[in-house]
Amino acid sequence: MRTFKNDRFLRALARKPVDRTPVWMMRQAGRYLPEYRASRAKAGDFMSLCRNAELCCEVTLQPLDRYPGLDTAILFSDILTIPDAMGLGLRFVEGEGPVFDRPLRDAASIAALPIPDPEGELRYVMDAVRTIRNALGDRCPLIGFAGSPWTLATYMVEGKGGQEFARIKRMRFEAPELLRQLLDKLVQATTLYLDAQACAGADALMVFDTWGGVLDHAGYRQFSLEPMQRIVNALKARHPQIPVMLFTKNGGQQLEAMAATGCDALGLDWTTDLGEARARVGSKVALQGNLDPLCLLGTPEVIRAEVATVLASYGPGPGHIFNLGHGITPEVNPDHAGAMIEAVVQLSPRYHQVV
Ligand code: CP3
């Protein structure tokens with residue numbers, strides 16, 4: 001296992017004592033930063049940036065250089081690299097988000113989906129992990145990540161993100177066996193992908209289940225959690241020392257079941273009370289979150305007060321990783337993100353006094 005000058009994040013994941021609460025931000029390398037926009041302009045577009053290991057490394061380090069309080073790096077990439085490598089034709093349309101040219105619309109195209117080789121079609125991601133790991137040295141850990149099978153399936157079947165989910169839900173009720181076949185392929189692809197990221201130098205792995213919260217209760221267990229469970233099992237068998245984090249947006253009702261997967265931490269969005277979550281599952285897992293990202297549109301004073309509320313809701317002792325409840329948005333003033341990080345640095349030590 002690697003050792004780091006700053007190991008707060010890994011210590012908190014293991015629920016070991018820390019001097020203060022570690023902090024990072026989902027989407028910390030992104031459009032709210034002018035230096036990110038400059039690197040993206042150099043690359044041409046977002047996917048070209050993802051395919052360039054040197055530029056991926058550059059943008060991964062940008063938030064760490066700007067905010068000395070940040071405690072971990074996260075690979076710069078995207079969850080949609082797997083469906084892209086499966087041949088669906090990913091494009092990012094300005095103002096519309098991700099779009100697939102060839103969404104999955106029939107059984108034959110699901111049966112024909114290839115499982116991408118992480119060191120083949122997805123080698124550019126592993127090259128980025130290796131380049132970043134090398135550049136970070138012993139400064140801090142690096143998080144690798146993937147999308148959950150359910151979340152990838154929603155994008156692949158809908159063709160884009162975030163509307164009614166009518167197509168994928170129709171499949172869930174009308175052709176559950178077909179959905180299961182798709183999820184099985186995504187479990188295989190995602191397991192290989194995360195395993196390869198661990199081998200390439202990721203120190204922790206996170207699964208983003210952005211759309212698990214749109215399922216009904218039983219559907220979540222079957223179609224979102226069960227595939228993630230298989231991924232956790234496989235990763236724990238191959239890399240027992242690497243912490244695995246699960247984040248289901250709007251998954252606050254499912255925390256006990258998520259914690260029972262054997263993962264190390266749960267990411268929480270802002271709709272769940274951290275203190276209540278800790279009472280429910282805090283003896284099993286670390287908890288990450290959960291400031292509303294739009295809080296960063298408020299003044300630095302408001303941000304500081306809201307950070308204080310999040311820290312107080314978790315309360316004293318280890319096992320909390322401060323984060324936003326979802327990704328930081330492009331309109332945020334970078335100084336406001338800095339105010340949030342500084343507030344964690346200043347206000348959290350009192351929750352970690354050794355007695
Ligand atoms: O946290 C980080 O700094 C690591 C980078 C990261 C990105 N995407 C970079 C990115 C991570 C962890 C992701 C995960 C991701 N991608 C998720 C799961 C987390 C979540 O937000 O729920 C999802 C659903 C995606 C799919 C995706 N990719 C969307 C919805 C978008 C936004 C499209 C838009 O135009 O707003 C992307 C693009 C994307 N991924 C950007 C970044 C920095 C912005 C692209 C750009 O520079 O134009």
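Those helices (runs of 4 or more DSSP H) of the stretch 1-60 in which at least 1 residues are free of Cβ contacts under 8 Å to residues at least 40 places away in the same chain, polar (S, T, N, Q) and within 12 Å of the ligand (Cβ to nearest atom), considering only elements entirely within it, cover 34-43, 46-50. Inside the stretch 307-355, residues that are crowded, with 17+ Cβ neighbours inside 10 Å, β-branched (Val, Ile, Thr) and within 16 Å of the ligand (Cβ to nearest atom) make up a count of 4. So, Gln253, is that one closer than 26 Å to Gly289 by Cβ and open to solvent by 30 Å² or more (accessible area, probe 1.4 Å) or not? Considered against the rule, which asks whether it is closer than 26 Å to Gly289 by Cβ and open to solvent by 30 Å² or more (accessible area, probe 1.4 Å), Gln253 comes out as yes. Scanning the stretch 62-83 for residues that are more than 10 Å from the ligand (Cβ to nearest atom) and either in a strand (DSSP E or B) or open to solvent by 30 Å² or more (accessible area, probe 1.4 Å) (or both) returns Asp65, Arg66, Pro68. Quick one: is Arg91 surrounded by fewer than 20 Cβ atoms within 10 Å (Cβ to Cβ), more than 16 Å from the ligand (Cβ to nearest atom) and of a type outside the set (A, V, I, L, M, F, W, C)? So Arg91 does not fit the description; no. Is it true that Asn290 is in a strand (DSSP E or B) and closer than 16 Å to Gly69 by Cβ? For Asn290, the condition - in a strand (DSSP E or B) and closer than 16 Å to Gly69 by Cβ - is not met. In the stretch 96-104 there is at least one residue matching the filter, namely being surrounded by 20 or more Cβ atoms within 10 Å (Cβ to Cβ), more than 11 Å from the ligand (Cβ to nearest atom) and more than 28 Å from Gly267 (Cα to Cα). Filter the stretch 105-125 down to residues that are without any contact (Cβ under 8 Å) to a residue 12 or more places away in the chain and closer than 30 Å to Cys199 by Cα and give me whichever is nearest to the ligand (Cβ to nearest atom). Looking at the filtered set, the residue picked out is Arg123.
The values are calculated or read from the model by the stated rules, or taken from the named source; none is laboratory data. No experiment lies behind these values; they were computed from the predicted model shown. Don't worry about glycine lacking a Cβ; one is built from the backbone with ideal geometry, like all the others, and counts go over all protein chains shown. In case anyone asks, the SASA skips ligands and DNA or RNA and just uses the protein heavy atoms, side chains included. Shrake-Rupley method; radii C 1.70, N 1.55, O 1.52, S 1.80 Å.
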